[in-house]
Amino acid sequence: MNIIVTGGAGFIGSNFIFYMLKAHPDYRIVCVDKLTYAGNLSTLKSVLDNPQFRFIKVDICDRPAIYQLFEEEHPDVVVNFAAESHVDRSIENPEIFLQTNIIGTAVLMDACRKYGIKRYHQVSTDEVYGDLPLDRPDLFFTETTPIHASSPYSSSKAAADLLVQAYHRTYKLPVTISRCSNNYGPYHFPEKLIPLMIANALNNKPLPVYGEGVNVRDWLYVEDHCRAIDLIIHKGREGEVYNVGGHNEMRNIDIVKLICKELGKPESLIIHVQDRKGHDMRYAIDPTKIHNELGWLPETKFADGIKKTIRWYLDNRTWWETILSGEYKNYYEQMYGKRGLHA
Ligand code: NAD
Ligand code: DAU
């Protein structure tokens, strides 16, 4: 099997590559990544010499380059992780989100149509369903919940999902879509909640919680997500959507307090800053379909996963400190300065 993994130098894509090379040592994995601010070739250093692995720096919107790659590689499967993925950045500047997340998806699927494919898999998000109210804990997102996106990021992902379903219906492209909840684990870029709080706490810097911190996310250890995608590309039914989630809902403020506790840092580091515009209140996935059809269940409990994650950030300081000392510094000052936080 020859698999093209796009966005493999990012958080989940890199974890997926490690997972697949271990689970299927006979597969060839070709990683396509533009290496944006969120992509990091050093993340892949442990596999760069693996003869089953190839890295190629390409933008998924670059049609000729993508077509050439298909001519060279004849992939059986494409798994598309490549995306602009940060909600806050999408609120500041939506355009690149439309370009990569929508046009890039179309280019990849056009290549699949032109050269033939066994499976095109779109890595989507629970955010396409919008949010749920805090006072209705009985409600969950199922695969039939209507699309109702809130941010430029989630609406670009929703548009891509609609396009994937349209290519299935119109061209009979053999597609699947997974919609996953919030991931955490190694190689998570420090602009996102959990790694940002770990890094700031380790540096004794303020921990900026948006608004009251009562927003709820459903956290899943990244390896559980990778296993779900492995199952879907092999056994999932063509044309189907699979929700993937951990049944692990937590309020942001409780996550931040837990990180303080695990690191032995005072909660006085927590500072409430200006809220995110249009901030989604609660995400909660109902994963019954993937459980019943493919036997998937999350394996890592949050209490263990967060300890493993913190351990990873302690053991891999160079990885995230290199990011923090680069362009990220300007991003942080601008984004958090606007929210009323001055370092
Ligand atoms: P990330 O931002 O860490 O990584 C994205 C990767 O895509 C980077 O390596 C970047 O260089 C690459 N990329 C961006 N634009 C590209 C382009 N035009 N061409 C080629 N490569 C490009 O993102 P992530 O958190 O790993 O998310 C991966 C996917 O999973 C995204 O599609 C995201 O929507 C989805 N997802 C993420 C989560 C989560 O909690 N992080 C949850 C559900 C779904
Ligand atoms: O639900 C899946 C989605 O999860 C993915 O599709 C996205 O790609 C991914 O980035 C993530 O989106 P969120 O917006 O939920 O993740 P983020 O880590 O940015 O924020 C999580 C929550 O924490 C959210 O309610 C905002 C809040 N937050 C975030 C940051 C960065 C803070 O309170 N302070 C912060 O500094």
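Couple of notes before you dig in:
- Filter pass, THR144 being of a type in the set (Ser, Thr, Tyr), modelled with pLDDT of 95 or more and open to solvent by 20 Å² or more (accessible area, probe 1.4 Å): yes
- Those residues of the stretch 331-343 which are free of Cβ contacts under 8 Å to residues at least 12 places away in the same chain, open to solvent by 80 Å² or more (accessible area, probe 1.4 Å) and part of a helix (DSSP H, G or I), in sequence order: GLU333, GLN334
- If you check LEU41, LEU35 for being under 16 Å from the mean Cα position of the chain (by Cα) and loosely packed, with under 15 Cβ neighbours inside 10 Å, only one passes: LEU35.
- Residue in the stretch 291-304 that is farthest from ILE233 (Cα to Cα), counting only those that are in contact with a Lys or Arg (Cβ under 8 Å, 6 or more places away or on another chain), outside any helix (DSSP H, G or I) and of a type outside the set (S, T, N, Q): GLU299
- Residue within the stretch 108-128 that is within 13 Å of ligand 2 (Cβ to nearest atom), closer than 27 Å to GLY337 by Cβ and of a type in the set (D, E, K, R) present: yes
- Any hit, the stretch 265-285, residues being farther than 22 Å from ASP230 by Cα and hydroxyl-bearing (Ser, Thr, Tyr): yes
- Exactly one residue out of SER155, SER150 is open to solvent by 20 Å² or more (accessible area, probe 1.4 Å), assigned to a helix (DSSP H, G or I) and within 19 Å of SER90 (Cα to Cα), and it is SER155.
- Verdict on ARG113 being open to solvent by 40 Å² or more (accessible area, probe 1.4 Å) and either within 12 Å of ligand 1 (Cβ to nearest atom) or in a helix (DSSP H, G or I) (or both): yes
- Checked against the criteria, HIS279 counts as part of a loop (DSSP other than H, G, I, E, B), closer than 30 Å to SER155 by Cα and within 13 Å of ligand 2 (Cβ to nearest atom).
- Condition check for ALA166: farther than 30 Å from TRP319 by Cα, open to solvent by 20 Å² or more (accessible area, probe 1.4 Å), out of contact with any helix residue (DSSP H, G or I) (no Cβ under 6 Å at 6 or more places or on another chain) and small (Gly, Ala, Ser): yes
- Test: residue in the stretch 70-86 that is over 20 Å from the mean Cα position of the chain (by Cα), buried (at least 17 other Cβ atoms within 10 Å of the Cβ) and charged (D, E, K, R): yes
Each row is one residue, and each column tells you yes or no for (1) more than 10 Å from ligand 1 (Cβ to nearest atom); (2) of a type outside the set (Lys, Arg); (3) open to solvent by 20 Å² or more (accessible area, probe 1.4 Å).
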site: ALA9; (1), (2), (3): no, yes, no
site: MET20; (1), (2), (3): yes, yes, no
site: ILE29; (1), (2), (3): yes, yes, no
site: SER46; (1), (2), (3): yes, yes, yes
site: LEU98; (1), (2), (3): yes, yes, yes
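- Among the residues making up the stretch 305-322, those that are open to solvent by 20 Å² or more (accessible area, probe 1.4 Å) and assigned to a helix (DSSP H, G or I) are LYS307, LYS308, ARG311, TRP312, LEU314, ASP315, ARG317, THR318, TRP319, GLU321, THR322.
- Screening the candidates LEU196, LEU207, LEU202 for the property of being under 20 Å from ALA9 (Cβ atoms), away from ligand 1 (no atom under 12 Å from the Cβ) and aliphatic (A, V, I, L, M) yields one hit, LEU196.
The values are calculated or read from the model by the stated rules, or taken from the named source; none is laboratory data. Everything numeric here is computed off the predicted structure, so don't read it as measured data. Heads up, the Cβs are rebuilt from the backbone with ideal geometry, glycines too, and the neighbour counts pull from every protein chain shown. Areas reflect the complete protein model, heavy atoms only, side chains present, ligands, DNA and RNA absent. Shrake-Rupley method; radii C 1.70, N 1.55, O 1.52, S 1.80 Å.
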